[in-house]
Amino acid sequence: MNTNYDHQLEEKHNICLVEAVNLALRRAMLDDESVVLLGEDIGVNGGVFRATDGLQEQFGISRVMDTPLAETTIAGTAVGMAVAGLKPIAEIQFMGFIYATLEHLFCHAARMRNRTRGRLTCPLVLRAPFGGGIHAPEHHSESTEALFAHIPGLRVVIPSSPARAYGLLLAAINNPDPVIFLEPKRLYRAEKHEVVDDGKALPLDTCFTLREGTDLTLISWGACIKECLSVVDGFNSIADSGLSIELIDLATVNPIDFATIEASIKKTGRCVIVHEAAKTCGIGAEIAAHIAEHLMSYCKAPVKRITGFDTVMPYFRNEQHYMITELDIEAGIKTVMASSF
Amino acid sequence: MLHNLSPHLLTNVSTPLQYLSANGDVVIEGNSVKELPEFARDKELMVQAYRWMSLTRAFDQKAVALQRTGIIGTYPSSLGQEAISVACGMALERDDVFVPYYRDHGGYLVRGHSMEHLFLYWGGDERGSAYKPNEGSGFDMPICVPIATQASHAVGIASALKIQQKKQAVLCTLGDGASSKGDFLEALNLAGSWQLPVVFVINNNQWAISVPRHIQSGAPTLAQKGSAAGIPSIQVDGNDFIAMYEVLNEALERARKRKGPMLVEAISYRLSDHTTADDASRYRPQEEVDEAWSKEPSKRFQHYIHQQGFWDEKAEVCWQDDCQTQLVKAVAAYQSFEAEQPEAMFDHLYENWPTCMDDQVIACGEKYLRNHSG
């Protein structure tokens, strides 16, 4: 453990989400020399989104490794490194290329602890940018977090602001089990926020209540939080809107912090879930099912899901017809407020 | 000592390295008997190797019998491939890392993993991979069922050892079928590119369940797949312990000295069915199996140590008795393990327990009571 912080780094930074990722990686590498990075183009190039910018220069090629162009290699190698005592943080360049890693995640990373009854563990982090809205080529815009959330033994974490990117990534790195860390690339450079480089992790398995309200619980995660915040602030700030909305950022999409959700719905009695991923078997379905199983007597209206369609993500000329807008969220909220059992 | 390491030799079918002919006589080269490696004159080492090989075979027979009587589940026999696995186990040093596939019972036994734990694993109990090996690095990898995925882990471990500046080597085994998979080819690629301290051993037993070697690949040898990755590669008679042990020792020593990876294609034959759930008579002729029996490794090696005066009938009888005694004890130890509690399925999923799963643990207990009351 190297605790000789570069004190300059402890200053407050006004940075965007991808810079917060970079800051967290740098902090983790300073604090723990077992942390290593591997992936495609992450070295001299600093990653295609610059998430690892400057890290190879600072920490050398034995800790920031450009791999051959082979995602199975990246995942399988990370499994081996983690078992052998390193803390590998692997980058998959886009979520569209992540599927070659699934066998290693499902068959090995997620169950190494279980299949050896704790003899071996697999504390790796697999990072990937995900989601649409940046006019990217085919295979560069999908949101398939639910695939990973369905794998017992994995944690799936999605930040929605620079500060949460910093704190949750540190938490993922500190976690003794594998974490899939999905970065909403539409937010990578959307806004700058203040981030304090204090090395403090945020809690995993915990929702973040971004706005408190009493009439409706709005649940989302990742890039959609941007539109949700705008809509909620709109409703909550207008005195005659007559609406007070609670906004919950799910953050860890598996395992889900149902305690926070339950407390909120017991208070509001209404729930809207927003996600960019396809509707069927999305995380929203799991939340809605949980509400149906446990909270029906508190509900004043049916749950509504505002999600992507069960289609292939349209290429970018028609991507706008798939993406969730503020108007979609507003309309959904109004529908639920107007309905009752 | 190894003369066949030059990769270009493998662009054509080479002759696998061999010291002992099928009947156990030392092979003749030209007009004279081939010079054996020095260790082949070491009585203690040779007897030890033979004991491991015959214990592995006895274990195998017992495991098949236990499956037939419902005491363990489906089991993949290693019949006829004992020399490869035992040579792997013996060539590894204590702190090296063994990354085997699922047919390496011999290697596991040599590494100090107990027979009762192997029975536990094949008996459907996760604790089979929870042993603390008596010897070994402590992180020998568990039995790997998804084909060739262990090759990716092996390069990851080798990379970690290199980064940590440790002087150990990694040994990864796989079957001929696994040599067709992307994981293996990607692992070779990374091992060659990063010059990792890893040795790959293909147990080419000619059959991947029902698919014969010639359908797996159009390459004349499987060893030459290493050449494409810039890795010195060699074919060895996998039924010849002396050849296997020599090559693995040198390959591992090379890896420990940070001279890069190696690939060994060990030519053998799967004398058994693929597993106890398979019936190989559906797809391969008995004549082929009969022919392969004439080249099997155990009899061959037994002949050699008899000829050298290291072993005799009396020693054989004593040792076989000893094997049976060990097996009876191991089976009793295995059967003394009560099944884990139902809720144990939750015990090792996460170090940090997600409380949202509390109700599932309770439901599991209730389910047990409901289905087992009275």
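The values are calculated or read from the model by the stated rules, or taken from the named source; none is laboratory data. Just so we're clear, the structure is a prediction, and the values are computed from it rather than from any experiment. Because the Cβ atoms are built from the backbone with ideal geometry, glycine has one as well, and the counts that use them run over all protein chains shown.
Structure notes:
- Qualifying residue in region A:233-240 (condition: over 20 Å from A:Pro184 (Cα atoms), assigned by TED's automatic domain parsing to the domain that holds A:Ile219 and touching a Leu at 6+ places or on another chain (Cβ under 8 Å)): yes
- Test for B:Gly226: is it part of a helix (DSSP H, G or I), buried (at least 24 other Cβ atoms within 10 Å of the Cβ), small (Gly, Ala, Ser) and away from chain A (no Cβ under 14 Å): yes
- Residue check, B:Glu296 surrounded by 12 or more Cβ atoms within 10 Å (Cβ to Cβ) and either within 14 Å of chain A (Cβ to nearest Cβ) or under 30 Å from A:Leu124 (Cα atoms) (or both): no
- Among the conditions (1) of a type in the set (Val, Ile, Thr); (2) buried (at least 24 other Cβ atoms within 10 Å of the Cβ); (3) within 14 Å of chain B (Cβ to nearest Cβ), the only one that A:Ile158 does not satisfy is (3).
- When A:Lys12 is tested against (1) basic (Lys, Arg); (2) buried (at least 18 other Cβ atoms within 10 Å of the Cβ); (3) in contact with a strand residue (DSSP E or B) (Cβ under 7 Å, 6 or more places away or on another chain), exactly one condition is not met: (2).
- Helices (runs of 4 or more DSSP H) contained in region B:297-374 and holding at least 2 residues touching a His at 6+ places or on another chain (Cβ under 9 Å): B:313-335
- Of all residues making up region A:109-139, the number that are at the interface with another protein chain (Cβ under 9 Å from one of its Cβ atoms), touching a Lys or Arg at 6+ places or on another chain (Cβ under 8 Å) and either on the phi > 0 side of the Ramachandran plot or of a type outside the set (A, V, I, L, M) (or both): 4
- Taking region A:198-209 as the range and being among the hydroxyl-bearing types (Ser, Thr, Tyr) and not in a loop (DSSP other than H, G, I, E, B) as the test, only A:Thr209 passes.
- You will find that of A:Phe97, A:Phe106, A:Phe148, the residue that is part of a helix (DSSP H, G or I), among the aromatic types (Phe, Trp, Tyr) and at the interface with chain B (Cβ under 10 Å from one of its Cβ atoms) is A:Phe106 and no other.
- Candidates are the residues of region A:242-266 that are away from chain B (no Cβ under 12 Å) and surrounded by fewer than 22 Cβ atoms within 10 Å (Cβ to Cβ); the one that is nearest to A:Leu154 (Cα to Cα) is A:Ala263.
- Of the set (1) over 23 Å from A:Glu191 (Cβ atoms); (2) more than 10 Å from chain B (Cβ to nearest Cβ); (3) buried (at least 21 other Cβ atoms within 10 Å of the Cβ), all apply to A:Asn22 but (1).
- Candidates B:Gln286, B:Gln302 - the one that is closer than 27 Å to B:Asp240 by Cβ, away from chain A (no Cβ under 14 Å), loosely packed, with under 12 Cβ neighbours inside 10 Å and of a type outside the set (A, V, I, L, M, F, W, C): B:Gln286
- Filter result for A:Tyr188 (surrounded by 24 or more Cβ atoms within 10 Å (Cβ to Cβ), of a type in the set (Ser, Thr, Tyr) and in the same structural domain as A:Glu11 (by TED's automatic domain parsing)): no
- Against the test of being within 11 Å of chain A (Cβ to nearest Cβ) and touching a residue at least 24 places away in the same chain (Cβ under 8 Å), the options B:Phe119, B:Phe98, B:Phe139 yield a single qualifying residue, B:Phe139.
- The one condition from (1) under 30 Å from B:Leu252 (Cα atoms); (2) without any contact (Cβ under 8 Å) to a residue 24 or more places away in the chain that B:Glu316 does not meet is (1).
Yes/no per residue for (1) touching a residue at least 60 places away in the same chain (Cβ under 8 Å); (2) part of a loop (DSSP other than H, G, I, E, B); (3) in contact with a Phe, Trp or Tyr (Cβ under 8 Å, 6 or more places away or on another chain); (4) not β-branched (Val, Ile, Thr):
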| site | (1), (2), (3), (4) |
| --- | --- |
| A:Pro302 | no, yes, yes, yes |
| A:Val312 | no, yes, no, no |
| A:Ile329 | yes, no, no, no |
| A:Thr335 | no, no, no, no |
| A:Phe341 | no, yes, no, yes |
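- Set A:Ala51, A:Ala82: member being in a loop (DSSP other than H, G, I, E, B), touching a residue at least 40 places away in the same chain (Cβ under 8 Å) and buried (at least 23 other Cβ atoms within 10 Å of the Cβ): A:Ala51
- Condition check for A:Glu91: farther than 16 Å from A:Val179 by Cβ, among the acidic types (Asp, Glu) and in contact (Cβ under 8 Å) with a residue 12 or more places away in the chain: no
- Members of region A:210-230 that are outside any loop (DSSP other than H, G, I, E, B), in contact (Cβ under 8 Å) with a residue 24 or more places away in the chain and either among the polar types (S, T, N, Q) or in contact with a strand residue (DSSP E or B) (Cβ under 8 Å, 6 or more places away or on another chain) (or both): A:Leu210, A:Arg211, A:Leu216, A:Thr217, A:Leu218, A:Ile219, A:Ser220, A:Cys224, A:Ile225, A:Glu227, A:Cys228, A:Ser230
- Filter result for B:Leu36 (of a type in the set (A, V, I, L, M, F, W, C), assigned by TED's automatic domain parsing to the domain that holds B:Gln307, touching a Lys or Arg at 6+ places or on another chain (Cβ under 6 Å) and modelled with pLDDT of 95 or more): no
- Yes/no for A:Ala75 being closer than 18 Å to A:Leu170 by Cα and either assigned to a helix (DSSP H, G or I) or more than 13 Å from chain B (Cβ to nearest Cβ) (or both): no
- Scanning region B:229-250 for residues that are of a type in the set (A, V, I, L, M), part of a helix (DSSP H, G or I) and touching a Pro at 6+ places or on another chain (Cβ under 8 Å) yields B:Ile242, B:Ala243.
- Identity of the residue in region B:186-211, under 19 Å from the mean Cα position of the chain (by Cα) and within 14 Å of chain A (Cβ to nearest Cβ), that ends up farthest from B:Gly260 (Cα to Cα): B:Ala187
- Residue within region B:142-161 that is at the interface with chain A (Cβ under 9 Å from one of its Cβ atoms), under 24 Å from B:Arg258 (Cβ atoms), part of a loop (DSSP other than H, G, I, E, B) and free of Cβ contacts under 8 Å to residues at least 12 places away in the same chain present: no
- Matching residues in region B:173-185 - criterion: being among the small types (Gly, Ala, Ser), in a helix (DSSP H, G or I) and more than 10 Å from chain A (Cβ to nearest Cβ): B:Gly177, B:Ala178, B:Ser179, B:Ser180
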